[in-house]
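A.B. asks: Just passing along the structure, written as structure tokens.
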Amino acid sequence: MIITTILNIVIGGLIMGGIYAIISMGLSIQYGVARILNVSHGEIIMFGALLTWALQSSGVHPMLALLIGCPAAFIVGFVLHRTIYKRLKDISPTQGAFEGNAMLVSFGIMYVLANIAMMIWGNQQKGYSFMAYAVNFAGTSIPVNRLFVLVIALIVSVLFYLFLTRSRLGKSIRAASQDATAAMMMGVKINRVAAICFGIGAVLAAIAGALISMIYQVNTTIGLGYTVIAIIVVVLGGMGSVPGSMLGGFILGFIGSAVSYKDPSLSMVAYYLIIMVLLLVKPKGLLGR
Amino acid sequence: MTMLEVSNINCFYGNVQVLWDVSLKVEQAEIVALLGANGAGKTTLLNTITGLMRPKSGHVRFMGESLDNIPSHAILERGIAYLPEGGRLFPEMTIRENLEMGAYPMSLWKHRKENMERVFELFPKLKERQKQLACTLSGGEKQMLAMARGLMSNPKCCLFDELSYGLAPIVVTEVFNIVKSLREQGITVLLVEQNVHQTMEIADRAYVLENGRIVLDGQCCDLVNDDYIKKAYLGL
Ligand SMILES: Nc1ncnc2c1ncn2[C@@H]1O[C@H](COP(=O)(O)OP(=O)(O)OP(=O)(O)O)[C@@H](O)[C@H]1O
Ligand SMILES: [Mg+2]
């Protein structure tokens with residue numbers, strides 16, 4: 001009995017953690033390189049989820065929907081940076097002014113995206129059944145769709161980590177987030193890399209959204225909650241540290257899973273408590289510098 | 001051959017002018033020192049040469065070609081390496097990754113393995129510790145890594161901004177010996193320094209910048225005997 005409970009919490013923690021990690025890594029590289037705290041991140045997640053649902057209901061397999069969604073999300077993120085944020089950066093007198101203005105703009109984009117979604121889809125819950133069968137493991141029955149989501153989340157996290165540590169572009173992203181001016185001195189085209197990071201962040205958000213739609217009911221108001229979680233994870237892991245985001249995502253996922261087991265409505269309270277305690281004890285986050 | 005030629009540069013931060021009609025020349029395989037007190041405008045001049053900043057008027061030429069409209073990454077590809085003040089390593093990257101970043105532009109990236117081997121010959125210590133994070137290195141090792149990273153682009157000309165800053169005298173000697181060995185390989189060096197004594201020993205010529213103006217220039221062997229230099233910079 002106790003084993004079953006623990007197993008449930010662990011699997012739930014891994015799944016939530018995997019999704020949180022993906023979302024937060026996206027937010028983290030957007031902040032790390034482009035210096036924009038992108039509050040509209042959750043709306044991309046919401047669009048990812050609802051577009052997957054919409055495509056699924058017209059007969060497209062959710063994984064195929066994901067393949068269509070990723071390039072689309074990249075273009076949205078890239079173009080948003082190129083058109084709005086880059087211009088904002090050019091006209092801002094100081095870095096501080098830019099960061100403040102950029103966050104305000106991202107609030108605006110958040111409302112625009114939320115309202116567009118509301119016009120298209122209204123506010124009812126949407127869901128579909130996907131791999132709706134279970135396997136038995138150590139006396140617990142585990143829905144296959146959740147395992148599937150877990151595997152995809154882990155694959156995406158590992159691929160993203162390899163991209164950052166092994167590829168030339170990934171190295172330039174890490175360099176730019178550690179010292180943007182020095183990266184420019186090395187010949188990194190900083191505005192281009194920032195736009196790419198914005199695009200990649202949106203892709204990660206869209207993937208997370210698609211995964212969420214495979215296991216939960218979704219609606220057009222889920223965005224903000226995920227933005228808040230992503231911000232908590234990024235602060236928990238250390239601003240701009242991608243490994244920190246990954247670690248923080250799983251920690252929060254496990255805590256969420258454990259608390260939800262008692263009472264799902266308490267998980268957000270638990271997250272806020274953790275972040276408050278952490279900010280007092282270790283203000284730079286777990287892996288922050 | 002003249003490698004680097006700066007002519008009549010005027011530079012501003014907003015409305016504040018910090019460089020006034022600055023001109024200088026560096027010949028091939030010369031070590032030229034650029035001396036001056038804090039805030040004289042030395043770093044600003046290097047930023048202007050490397051295209052990170054543009055002058056309001058005046059020109060920069062490298063090997064006879066104008067750099068006025070060349071983006072900074074392309075200036076790097078043409079053969080000017082810039083070692084910024086304080087080294088500015090990427091702290092959370094390994095020695096190896098920092099070196100790779102020194103060869104970031106596509107045309108250099110292809111040759112990064114050969115260049116790394118060449119750089120390791122000059123800095124064998126770095127080779128042993130390739131996987132170590134830059135933030136865990138000592139001050140002297142950091143400066144060595146910063147130099148090595150600059151050399152990863154296989155430059156024809158190196159701009160060094162305060163190489164000796166914060167280093168123990170013995171390490172300064174070590175670093176300056178490497179600068180001398182660059183000259184032997186035909187590499188041109190423009191050396192910004194506050195450590196006037198030791199700089200005068202290795203440099204061929206020097207310029208003195210004061211409040212954004214070149215006030216003095218000449219052969220180092222003449223300058224060390226110059227009364228003004230003795231008083232203002234050598235404390236004699
Ligand atoms: N980003 C900036 N904005 C405004 N003023 C600046 C900026 N950077 C430098 N300055 C000013 O320009 C002048 C020259 O600065 P610069 O950094 O080129 O001097 P420096 O000779 O390199 O000094 P140091 O030896 O201290 O490094 C200084 O008065 C400085 O205050
Ligand atoms: Mg300086």
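A.B. asks: Considering only segment B:189-236, how many residues are in contact (Cβ under 8 Å) with a residue 60 or more places away in the chain and closer than 22 Å to residue B:49 by Cα? Lay out the reasoning, then the answer.
C.D. replies: As a first pass, look at segment B:189-236 and keep what is in contact (Cβ under 8 Å) with a residue 60 or more places away in the chain: B:189-194, B:196, B:199-200, B:202-214, B:217, B:220, B:233.
Next, only the ones that are closer than 22 Å to residue B:49 by Cα stay: B:189-194, B:199, B:203-214, B:217.
Of the residues in segment B:189-236, 20 are in contact (Cβ under 8 Å) with a residue 60 or more places away in the chain and closer than 22 Å to residue B:49 by Cα.
A.B. asks: Now for a different question. Checking residue B:107 against (1) closer than 30 Å to residue B:133 by Cβ; (2) within 16 Å of ligand 1 (Cβ to nearest atom); (3) small (Gly, Ala, Ser); (4) open to solvent by 10 Å² or more (accessible area, probe 1.4 Å), which test does it fail?
C.D. replies: Going through (1) closer than 30 Å to residue B:133 by Cβ; (2) within 16 Å of ligand 1 (Cβ to nearest atom); (3) small (Gly, Ala, Ser); (4) open to solvent by 10 Å² or more (accessible area, probe 1.4 Å) one by one, residue B:107 breaks only (2).
A.B. asks: So, of the residues in segment A:158-187 that are in contact (Cβ under 8 Å) with a residue 12 or more places away in the chain, more than 10 Å from every other protein chain (Cβ to nearest Cβ) and of a type in the set (A, V, I, L, M, F, W, C), which turns out to be surrounded by the fewest Cβ atoms within 10 Å (Cβ to Cβ)?
C.D. replies: By that ranking, first place goes to A:169.
A.B. asks: Cβ contacts < 8 Å: first residue within 16 Å of ligand 2 (Cβ to nearest atom), restricted to segment B:74-88; second residue among the charged types (D, E, K, R) and assigned to a helix (DSSP H, G or I), any location; separation 6+ or different chain. Result?
C.D. replies: B:83/B:149; B:87/B:142
A.B. asks: Any chance segment B:20-32 includes a residue that's more than 30 Å from residue B:231 (Cα to Cα) and assigned by TED's automatic domain parsing to the domain that holds residue B:175?
C.D. replies: Pass one, segment B:20-32, residues more than 30 Å from residue B:231 (Cα to Cα): B:28.
Then drop every residue that is not assigned by TED's automatic domain parsing to the domain that holds residue B:175, which leaves B:28.
Checking segment B:20-32: at least one residue is more than 30 Å from residue B:231 (Cα to Cα) and assigned by TED's automatic domain parsing to the domain that holds residue B:175.
A.B. asks: Residues to consider are A:95, A:124, A:56; find the one that is in contact with a Pro (Cβ under 8 Å, 6 or more places away or on another chain) and not β-branched (Val, Ile, Thr).
C.D. replies: Details: A:95 fails: in contact with a Pro (Cβ under 8 Å, 6 or more places away or on another chain); A:124 fails: in contact with a Pro (Cβ under 8 Å, 6 or more places away or on another chain).
Just one listed residue meets the conditions, A:56.
A.B. asks: Would you mind stating whether residue B:38 is more than 16 Å from ligand 1 (Cβ to nearest atom), open to solvent by 10 Å² or more (accessible area, probe 1.4 Å), modelled with pLDDT under 95 and at negative phi? Give the steps one after another, and end with the answer.
C.D. replies: Working: more than 16 Å from ligand 1 (Cβ to nearest atom): no; open to solvent by 10 Å² or more (accessible area, probe 1.4 Å): yes; modelled with pLDDT under 95: yes; at negative phi: yes.
Judged against the criteria, residue B:38 is not a match.
A.B. asks: Same structure again: Under 7 Å by Cβ, and 6 or more places apart or on different chains, what pairs join a residue from segment B:145-169 that is within 12 Å of another protein chain (Cβ to nearest Cβ) and farther than 18 Å from residue B:113 by Cβ with one that is within 12 Å of ligand 1 (Cβ to nearest atom) and charged (D, E, K, R)?
C.D. replies: Every condition considered, the pairs that remain are B:161/B:85.
A.B. asks: Residues of segment A:109-131 being hydroxyl-bearing (Ser, Thr, Tyr) and under 21 Å from residue A:36 (Cβ atoms), which ones? Steps first, please.
C.D. replies: Looking only at segment A:109-131, we keep the residues that are hydroxyl-bearing (Ser, Thr, Tyr), and these are A:111, A:128-129.
Scanning segment A:109-131 gives a single hit, A:111.
A.B. asks: Among the residues of segment B:17-34, what is the count of those that are closer than 21 Å to residue B:68 by Cα and open to solvent by 30 Å² or more (accessible area, probe 1.4 Å)? Give the derivation first.
C.D. replies: Looking only at segment B:17-34, we keep the residues that are closer than 21 Å to residue B:68 by Cα, and these are B:17-28.
Pick out the ones that are also open to solvent by 30 Å² or more (accessible area, probe 1.4 Å) and you get B:17-18, B:20-21, B:23, B:25, B:27-28.
Residues flagged as closer than 21 Å to residue B:68 by Cα and open to solvent by 30 Å² or more (accessible area, probe 1.4 Å) within segment B:17-34 amount to 8.
A.B. asks: For segment B:1-18, how many residues meet the condition of being among the polar types (S, T, N, Q) and either within 14 Å of chain A (Cβ to nearest Cβ) or near ligand 1 (Cβ under 10 Å from one of its atoms) (or both)? Explain how you work it out, then say what you get.
C.D. replies: Step one: list which residues in segment B:1-18 are among the polar types (S, T, N, Q), which gives B:2, B:7-8, B:10, B:15, B:17.
With the extra rule that they be either within 14 Å of chain A (Cβ to nearest Cβ) or near ligand 1 (Cβ under 10 Å from one of its atoms) (or both), the set shrinks to B:15, B:17.
Here the count works out to 2.
A.B. asks: What tally of residues in segment A:137-153 results from selecting those that are surrounded by 16 or more Cβ atoms within 10 Å (Cβ to Cβ) and either among the aromatic types (Phe, Trp, Tyr) or not in a strand (DSSP E or B) (or both)?
C.D. replies: So the count comes out to 8.
A.B. asks: Which condition does residue B:61 not pass, out of (1) buried (at least 16 other Cβ atoms within 10 Å of the Cβ); (2) at pLDDT below 95, if it passes all the others?
C.D. replies: (2)
A.B. asks: Based on this model, can you work out whether residue B:218 counts as modelled with pLDDT under 95, away from ligand 1 (no atom under 16 Å from the Cβ) and more than 29 Å from residue B:7 (Cβ to Cβ)?
C.D. replies: Details: modelled with pLDDT under 95: yes; away from ligand 1 (no atom under 16 Å from the Cβ): yes; more than 29 Å from residue B:7 (Cβ to Cβ): no.
Answer is no for this residue.
A.B. asks: Among the residues of segment A:18-33, which ones are open to solvent by 10 Å² or more (accessible area, probe 1.4 Å) and more than 11 Å from residue A:242 (Cα to Cα)? Break it down into steps so the answer makes sense when it comes.
C.D. replies: Step one: of segment A:18-33, the residues open to solvent by 10 Å² or more (accessible area, probe 1.4 Å) are A:20, A:31, A:33.
Answer for segment A:18-33, where residues must be open to solvent by 10 Å² or more (accessible area, probe 1.4 Å) and more than 11 Å from residue A:242 (Cα to Cα): A:20, A:33.
A.B. asks: Please count how many residues of segment B:83-97 are within 7 Å of chain A (Cβ to nearest Cβ) and open to solvent by 20 Å² or more (accessible area, probe 1.4 Å).
C.D. replies: So in segment B:83-97, the residues within 7 Å of chain A (Cβ to nearest Cβ) come out as B:84, B:88, B:90-93, B:97.
If we keep only those that are open to solvent by 20 Å² or more (accessible area, probe 1.4 Å) too, we end up with B:88, B:91-92, B:97.
Residues flagged as within 7 Å of chain A (Cβ to nearest Cβ) and open to solvent by 20 Å² or more (accessible area, probe 1.4 Å) within segment B:83-97 amount to 4.
The values are calculated or read from the model by the stated rules, or taken from the named source; none is laboratory data. Not measured: the values here are computed from a predicted model. Note: ideal-geometry Cβ built from the backbone for every residue, glycine included; neighbour counts use all protein chains shown. For accessibility, only protein heavy atoms count, side chains too; no ligands or nucleic acids. Shrake-Rupley method; radii C 1.70, N 1.55, O 1.52, S 1.80 Å.
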